[in-house]
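Right, one structure below, let's go through it.
The values are calculated or read from the model by the stated rules, or taken from the named source; none is laboratory data. Predicted, not measured: the structure shown is a model, and the values here were computed from it. Note that each Cβ is placed from the backbone with ideal geometry, even for glycine, and that neighbours are counted across all protein chains shown.
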Amino acid sequence: MSAREPAAKPESEVLREGRLAALKNIGPVLRMVWESGPRTVVAHLVLRTLSALTPLAILVVARWIIDDVVATAASGKVMTQRLWGLVALEFGLAVLAALLNRGIDYLSVVLRENYTRYVSLRLMEQASRLDLATYEDPAFYDKLDRARVQATDRLVMVSAIARFLQLAVTAVSLCLGILVFSPWILLNIVVCVVPAALGEAYFGARVYALNFLHTPKRRELDYLRHLGASKESAKELKIFGLSTFLMRRYETLSREILDDVVSLSARALTGLSLLSVVASLGYYGSYAFVIYLAARGELSVGELTFLAAAIAGANRTFQELSVTAAGIADQSLYTRDMLSFFALQPGIRSGPRALRVPRPIRQGLEFRDVTFCYPGRSEPILQGVSFHLAPGERIALIGENGQGKTTIVKLMMRLYDPTAGQILLDGVDLREYDLDDLWHEVGVIFQDFARYEMTATHNIAVGRIERRDDQALIMNAAHKSLANTVIERLPLGYEQMLGRRFDGGLDLSGGEWQKIALARAYLRDSQILVLDEPTAALDARAELDVFNRFGELSAGKMAVLISHRFSTVRMADRILVLEGGKIVEEGPHDRLVASGGRYAAMYELQAARYR
């Protein structure tokens, strides 16, 4: 299944798909509920079934009590032993009903937590499996946003299904009680409730279609809310006077959504109100008929009480069933994106007979006439790129922005596969190797590296997470990257929470964060090292200190360095100059400068700034 889909569909098409989804999506969700805790599910169903039967049992006992009271009063007798027994039985049933409800509440909490935990872990696992290209598709982000919400919000659906089953058992038991006296009364109630149920289903589908079509707008609203009140954008918002612009854009989008929602809600109010009148006619028509039969002497007082309560209970239960069923159908519509998200399969994955990466790598890495075009773009970012990276060699990639430097790195790590050509590792196509094993042998620091809202220790440990308990190793990596000079100034040292998300957290400067990220590369200790603008946020002195240790970091490794600073790239054994998606020059720094080509011109331009 592809992760790509249209950003919006006609409402009629969404409705058709939604109604089908309402029929087929309930099963997979129930399967996930079952898998999250089978014992809890069974216990929950047992208690709800018993609870569903208690209303009928109480009505039956109440009928017996009333008939016995009438008979006892007519005979002039006092309370009989049977009457006391019936009262005790009704009391016992009332206590049982209360205890069952408490038990249901308890199991509902356990079920909710089990399901939330299970589905959230599945969502995280699935997200980690998907291709990097998937995350660059705006339509996928709509799907992902809906899937994230649906993963936890479907607890409402799970509770509704459980309640529906309980109501169904109650409705069946009450209907059987009514059926014993009159099939026509039962038929009248059912027929009058059906239109209301259909109305609930219709408007539920309309709400889903509207929410589906609003997803891109709501995602933009979330972005505008974040942009309008975040530390990262606060300075520019003030200086550029952007707040009014953002507020007006938010107001326009939110008004469009509000108008649509209010219009649909008004139609639903009118339609469902009329249908509820029809349902009420069914109840009161049946109720009047029962009173008529009692007045003619065809029903005892106990039977009158039983039927009046059973009719009221059945009518109320049927209405709750219709609302609950419509809610379930509505909720099941919203599971479409979650289930389709879980069904996505990554295009880049290990084969059934995937090879392990050689240890050590002997021949190196080779790009052989590689062309690559990003999904959704017509022009390739790389065209016929060929080069060889030998074991122990350090190469640098330079060129203007958008020339494909970072793309080469992503292809090298098999975050993408080439559109054409081959990438070979020790003479074997990169696609033949096990992905996890390949990534295990790659250490990379991107320019847009992650800033983890974790302790300083864990921020470094993510470079080799299985060694997170080896504090000596982590501290050694911090020392090599100069991150120790940052950490030692923190109040709690290596146990200091970084970032502002959690209480007690401290934020770092860009350069300080970069030293933390570099420590991950030292900790990684892999065969292939990739540094994408590793010192972009460092000042000149800090950059010099870092690169005085660069030889130690890259010793014995295949290293790829991307930088716009020529003081950095000149340390490489060989420099590849990219332009127009092709390698236009190649060689060591001194030779490229002497050749007077593209590299020399760029070097001279940068050097002139410091004269």
For this session: Just one of (1) of a type outside the set (Asp, Glu); (2) at pLDDT below 85; (3) over 16 Å from Ser340 (Cβ atoms); (4) over 20 Å from the mean Cα position of the chain (by Cα) trips up Leu30, so point out which.
Result: (4)
Problem set entry | Matching residues, the stretch 182-209, being of a type in the set (A, V, I, L, M, F, W, C) and out of contact with any helix residue (DSSP H, G or I) (no Cβ under 6 Å at 6 or more places or on another chain) | Trp184, Leu187, Val190, Val191, Val194, Leu198, Val207
Exercise. So which of Phe289, Phe212 ends up being assigned to a helix (DSSP H, G or I), at pLDDT below 80 and within 28 Å of the chain's Cα centre (by Cα)?
Worked result: Phe212
For this session: Kindly indicate whether any position in the stretch 355-372 is in a loop (DSSP other than H, G, I, E, B), within 32 Å of the chain's Cα centre (by Cα), of a type in the set (A, V, I, L, M, F, W, C) and over 22 Å from Gln447 (Cβ atoms).
Result: no
Problem set entry | Pair list, Cβ under 6 Å, 6 or more apart: the stretch 292-306 residue closer than 15 Å to Val70 by Cα and at pLDDT 75 or above, other residue among the small types (Gly, Ala, Ser) and surrounded by 18 or more Cβ atoms within 10 Å (Cβ to Cβ) | none
Exercise. So which residues in the stretch 584-602 are surrounded by fewer than 22 Cβ atoms within 10 Å (Cβ to Cβ) and either of a type in the set (A, V, I, L, M) or under 23 Å from Leu365 (Cα atoms) (or both)?
Worked result: Val584, Glu585, Glu586, Gly587, Pro588, His589, Val593, Ala594, Ala600, Ala601, Met602
Seminar exercise, completed: Among Leu111, Leu144, Leu123, Leu83, the single one that is in contact with a helix residue (DSSP H, G or I) (Cβ under 9 Å, 6 or more places away or on another chain), at pLDDT 85 or above and in a helix (DSSP H, G or I) is Leu111
Seminar exercise, completed: Glu256: passes all of (1) exposed (fewer than 15 other Cβ atoms within 10 Å of the Cβ); (2) among the charged types (D, E, K, R); (3) free of Cβ contacts under 8 Å to residues at least 24 places away in the same chain but (3)
Problem set entry | Cross-chain or 6+ apart pairs with Cβ under 9 Å, the stretch 583-596 first and assigned to a helix (DSSP H, G or I), then β-branched (Val, Ile, Thr) | His589/Val569; His589/Ile575; Leu592/Ile575; Leu592/Val577
For this session: Please go through the stretch 398-422 and pick out each residue that is in contact with an Asp or Glu (Cβ under 9 Å, 6 or more places away or on another chain) and within 18 Å of Gly443 (Cβ to Cβ).
Result: Lys405, Thr406, Val409, Leu411, Leu415
Exercise. Do we find a residue being in the same structural domain as Thr406 (by TED's automatic domain parsing), closer than 17 Å to Leu415 by Cβ and among the charged types (D, E, K, R) anywhere in the stretch 367-381?
Worked result: yes
Seminar exercise, completed: How many residues of the stretch 470-510 are within 19 Å of Leu523 (Cα to Cα), out of contact with any helix residue (DSSP H, G or I) (no Cβ under 8 Å at 6 or more places or on another chain) and outside any loop (DSSP other than H, G, I, E, B)? The answer is 2
Exercise. Looking at the stretch 420-441, is at least one residue surrounded by fewer than 21 Cβ atoms within 10 Å (Cβ to Cβ), under 23 Å from Lys515 (Cβ atoms) and touching a residue at least 24 places away in the same chain (Cβ under 8 Å)?
Worked result: no
Exercise. What number of residues within the stretch 406-427 are on the phi < 0 side of the Ramachandran plot and over 31 Å from the mean Cα position of the chain (by Cα)?
Worked result: 5
Exercise. Can you pull out the helices (runs of 4 or more DSSP H) entirely within the stretch 375-469 that have at least 2 residues that are over 30 Å from Leu506 (Cβ atoms)?
Worked result: 405-412, 435-440
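For (1) over 47 Å from the mean Cα position of the chain (by Cα); (2) closer than 20 Å to Ile161 by Cα; (3) surrounded by 15 or more Cβ atoms within 10 Å (Cβ to Cβ), each residue gets a yes or a no:
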residue	(1), (2), (3)
Lys24	no, yes, no
Ser51	no, yes, yes
Ile58	no, no, yes
Ile66	yes, no, yes
Ser75	yes, no, no
Leu83	yes, no, yes
Ala88	yes, no, no
Asp105	no, yes, no
Arg112	no, yes, yes
